[in-house]
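Scroll down for the structure; my scribbles are underneath it.
The values are calculated or read from the model by the stated rules, or taken from the named source; none is laboratory data. Predicted, not measured: the structure shown is a model, and the values here were computed from it. Cβ placement follows ideal geometry from the backbone for every residue including glycine, while neighbour counts extend to all protein chains displayed. The area values use the complete protein model at the heavy-atom level, side chains included, leaving out ligands, DNA and RNA. Shrake-Rupley method; radii C 1.70, N 1.55, O 1.52, S 1.80 Å.
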Amino acid sequence: MLLLSGSRQSLTGRLGGVGLLINKSLNESILEISSICDRICYVTIKLTSRYCCQIFQVYAPTSSHSNESVEEFYTALQNALNNKQHHYKIIIGDFNAKIGKKSVQEMSMGNFGVGQRNERGNRLVEFAEFNNLSIMNSFFCKNPANKWTWQSPKGDINEIDFILTNIRSVVTDVSVINKVDIGSDHRLVRAKVAIKPKIERAKLMNNNADSGNNKVNIANLNAEKAEFQHQLSEKFSRLNFDAGLNELNSSIGTILQET
């Protein structure tokens, strides 16, 4: 079964778009297929009566596109993520971004990123952090020679194709397949996914039970809230608002994270 999104025609006259190739054994489990735009499509697969998995295929604008085009892409993807609330979400595709290595505060990144991060990489990590997604390529230790996914016309190699998920434990491995000729300057990226709804259900029940057993001290919470607001006010008062927008944005983010 082949699901294609709306295609588009490039300046060279070639058609492009995104799609998903799905094993026919899953036909009866498919609840929905949808094309958001020529860069984003998704399929929703029913796992049990309670759980579904939503899989997105994406193709982000390349470096030749404007920042406005990139923001339009992430806005469309964000709206699609928010539209349906499913337990498992997986996003796969070409993000045209270099994420590099993990920063201390980043929960979306693992310890095995490679190369240097660029501006588009910052945008991808920001998107993952905001949505509590994990960029799974960075969580598995691989030989650097087996990490790159795209080779530029100049021969430079980069990792720009990624697999993201909202539940890290279901992805047991991410690897690059370098022995398959698909007629592309990209290499195939493969994730092994093991979804066990019964185990996830047990975890959810245990978390709910633990939450019910924890008594919240409202007085302490209010005191911490007041202290948090006080520290923010003190640090914000020392900001240099004459600085550039990027510097100011970075300073505000650092203050929020530290406080």
How much accessible area per residue does the chain have, in Å², with a 1.4 Å probe? 62
Long-range amide H partners of residue 89, meaning residues 5 or more apart or on another chain whose placed amide H is closer than 5 Å, are 54, 166, 167
Eligible lysines near residue 89 by straight Cα distance, threshold 30 Å, same-chain separation 8 or greater: 24, 46, 98, 101, 102, 142, 147, 179, 192, 196, 198, 203
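When the helices in the chain are scored as -39500 (n - 2.57) per DSSP H run of 4 or longer and the sum is shared across all residues, what 222 nm value do you end up with, to the nearest 500 deg cm²/dmol?
-10000 deg cm²/dmol
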Sorted by chain and then number, the residues having a modelled amide H within less than 5 Å of the amide H of residue 187, at least 5 places away or on another chain, are 150
A 1.4 Å probe over the protein heavy atoms gives the chain a carbon and sulfur accessible-area percentage of 50
Long-range HN-HN contacts of residue 173 with modeled amide H, under 5 Å: 192
Quick one: compute the contact order of segment 40-114, relative version, from alpha carbon pairs under 8 angstrom and 6+ residues apart, as a percent. 31
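Give me the dipole magnitude in Debye, nearest 20, for the chain about the Cα centre, with unit charges on the beta carbon: positive for Lys and Arg, negative for Asp and Glu. If you can, show how the numbers build up before the last one.
Values: 30 positive and 25 negative charges, 218 e Å.
The calculation lands at about 1040 debye.
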Please find, in a Gaussian network model of the chain (springs between Cα atoms separated by less than 10 Å), the residue of 199, 92, 163 whose mean-square fluctuation is greatest. 199
Using only the Cα atoms of segment 218-259, each taken as one equal point scatterer with no solvent, compute I(q) by the Debye sum, divide by I(0), and report log10 of the ratio at q = 0.14, 0.21, 0.23, 0.28 Å⁻¹. -0.38, -0.67, -0.75, -0.94
Using eta = 0.692 mPa s and T = 37 °C, Stokes-Einstein with Kirkwood Rh from Cα pairs puts D for segment 96-163, in µm² s⁻¹, at 273
If you take the alpha carbon radius of gyration of the chain and divide it by 2.2 N^0.38 Å, what ratio comes out, to two decimals? 1.16
Paired Rg and Dmax values of segment 29-159, which use every Cα atom, in angstrom: 15.6, 50
Among bridges DSSP assigns within segment 11-116, what percent are antiparallel (round to 5)? 65
Segment 58-169: antiparallel bridges as % of DSSP beta bridges, rounded to 5, reads 80
Antiparallel DSSP beta bridges within the chain, as percent of all bridges there, nearest 5: 85
I want to verify a result. In a Gaussian network model of the chain, Cα cutoff 10 Å, which of these has the top mean-square fluctuation: 195, 55, 22? 22
